[in-house]
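Scroll down for the structure; my scribbles are underneath it.
The values are calculated or read from the model by the stated rules, or taken from the named source; none is laboratory data. In this text the structure is predicted, and so the values were computed from the model without any measurement. Every residue, glycine among them, receives a Cβ derived from its backbone with ideal geometry; neighbour counts consider all protein chains shown. SASA here: full protein model, heavy atoms, side chains in, ligands and nucleic acids out. Shrake-Rupley method; radii C 1.70, N 1.55, O 1.52, S 1.80 Å.
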Amino acid sequence: MTTRAKTIDTITRYFDDGSFLDELTRLVEIPTESQKPERITELYRYLDEQMIPLLSGMAFSTRVMENPKTGFGPFLFAERHEDSTFPTILIYGHGDVIHAQQGQWRDGLDPFKITVEGDRIYGRGTADNKGQHCINLAALRAVLQERGTLGFNCKVIIETGEETGSPGLAELFTEHRDLFAADVLIASDGPRLSPERPTLFMGSRGAINFALSIKYRDGGHHSGNWGGLLRDPTIVLAHALTTITDRRGQIKIPEWRPDSLTPEVREALKDCPIRDSENGPAIDPDWGEESLSLSEKVYGWNSFAVLATKTGNADRPVNAIAPDSIAHCQLRYVVGTDPEDILPALRRHLDHHGFTDVEIIPADKGFFRATRLDPDHPWVEWAKNSIITTTGLRPAVLPNLGGSLPNETFAYILGMPTVWIPHSYAACSQHAPNEHILKSLSREALQIMAGIFWDLGVNAPGR
């Protein structure tokens, strides 16, 4: 007799006998850096050599779909249809990785080779996102091995451009809405609230990148001859930046202060405290909105950051008044902020403070819309109960992730509820040298997802 417990035993053996590590090794060894045009053949290879055999082995039909935007990597669509009366779920993952940063990893580590040290599994993509979708697909396979069927219909989309802003994903979904239609998205990316606590989030903060630029003249001029006579663009730009936030980073543009931190959201976040972690940077408690808790700052509010600045030549400064200055900036924002008014509001604000000479340059990528699903949504309650059944632990339920994902394509274009179950943790060094996942967390994540997929075939909402 097949049972939920036997399925979880099966997936646990898959981890304990080294099969998970072997499978993840094959995924990590393919250098799928989507920011490098010369790696596009590797993006196809990842789908052709790894994802298609894995999904075909579970009787999924597979289809590589070209990117609607020229020059970017492909998508893989896979489907297993069992019964028209069953619910349909959509699973998402991305096979591309951020720059490997070769030569910057600690001695003994290679970004495209798996290295295990204690509880850590090192390699580029282990956390973001190869390890996470490997876990989910392996859990699907365990259910099929034990039950013979899933008990639900399943669609899978693997993209290869998430690290370049998911080019073409919105266009693909717009053109093929019926193909990707499902009752719910169940996917994994990003970190847990803490390594020890299973986590659910139902959306993500939005992100908009832009530059603030001042150019006064074509070249630098001697600071002895012209100092005190020529406007210094960096000083002017610095003063412009100080009008956006105060000295502790509190946002001063009224339109950038959201209206969506409701009592219900605040109540949910009380159960999701943020604490200093052993491996992460120390939190600055006196930074950000003074009246908010740490979790409210990250999951319920907006944050402004200056990502990079440039003026003159910082490596070889010369005695000259620089001709221009630029600051590359970002606003992370939650639902309750009008995305269409973010940059116009900034323009009005700068003009009001006399900085009409500051140009706002929108970035050509890095834009994600904010999304959020109510914490008491039926799919959220169902997933939470499944995790409790598997682990005995009450998961953290976040209205949205602090970071940004292409979740708006699922929520707004495909119009489906979205439930994310992350399998990483905040100090995993994603997007940095020494990226890793935790063995202990991965083992538990496999058990959680096997339980999720088993329960989908038994008691999914609306069955």
With charges only on Cβ, +1 for K and R and -1 for D and E, what is the dipole size of the chain about its Cα centre, in debye, rounded to 20? 260 debye
Sequence order, the range 195-200: Karplus ³J(HN,Hα) from phi using 6.51 cos²θ - 1.76 cosθ + 1.60, θ = phi - 60°, Hz rounded, Gly and Pro as x, gives x, 7, 10, x, 9, 10
Using +1 at the C-beta of Lys and Arg and -1 at the C-beta of Asp and Glu, which of 104, 78, 65 has the Cα lying farthest in the positive direction of the dipole of the chain? 104
Based on Cα coordinates alone, diagonalise the gyration tensor for the chain, multiply each eigenvalue by 5, take square roots, and list the semi-axes in whole Å, largest first. 42, 25, 21
Express in nm, to one decimal, how much length is gained between residue 110 and residue 287 on full extension, taking 0.36 nm for each residue of separation and deducting their alpha carbon distance. 60.1 nm
Provide the three semi-axes, in whole Å and in decreasing order, of the ellipsoid equivalent to the range 244-300 as defined by the square roots of 5 times the Cα gyration tensor eigenvalues. 20, 18, 7
Principal axes of the range 212-272: Cα extent on each, largest first, Å: 61, 18, 16
Using just the helices of the chain, give the 222 nm mean residue ellipticity in deg cm²/dmol: DSSP H runs with n ≥ 4 each add -39,500 (n - 2.57), and the total is spread over all residues, rounded to 500. -8500 deg cm²/dmol
Partners for residue 215 among lysines (Cα-Cα distance below 18 Å; same-chain residues under 8 apart left out): 310
Which three extents, in whole angstrom, do the alpha-carbon atoms of the range 138-193 cover along their principal axes, largest first? 38, 33, 20
Give the residue list of GluC sites (Glu not before Pro) in the range 163-219 that are DSSP loop and have at most 12 other beta-carbon atoms within 10 angstrom. 196
Cα-based equivalent ellipsoid, the range 1-117: semi-axes from gyration tensor eigenvalues, Å: 29, 24, 10
Of 217, 45, 275, ordered by accessible area with the largest first and a 1.4 Å probe, the sequence is 275, 45, 217
Can you list which of the chymotrypsin sites (Phe, Trp or Tyr not before Pro) found in the range 175-231 are DSSP loop residues with at most 16 other C-beta atoms within 10 Å? 216
So how strong a dipole does the range 190-248 carry about its Cα centre when Lys and Arg Cβ are +1 and Asp and Glu Cβ are -1, to the nearest 20 debye? 180 debye
Debye log10 I(q)/I(0) at q = 0.11, 0.17, 0.23 Å⁻¹ for the range 348-456, Cα point scatterers: -0.54, -0.99, -1.34
Once you've got the Cα coordinates, tell me which of 252/297; 69/155; 113/439; 6/155; 113/365; 6/130 are over 20 Å apart. 69/155; 6/155; 113/365; 6/130
Where nothing but the Cβ of Lys and Arg (+1) and of Asp and Glu (-1) is charged, how large is the charge dipole of the range 292-448 around its Cα centre, in debye to the nearest 20? 540 debye
Looking at the chain only, what percent of DSSP beta bridges run antiparallel? Nearest 5 please. 70 percent
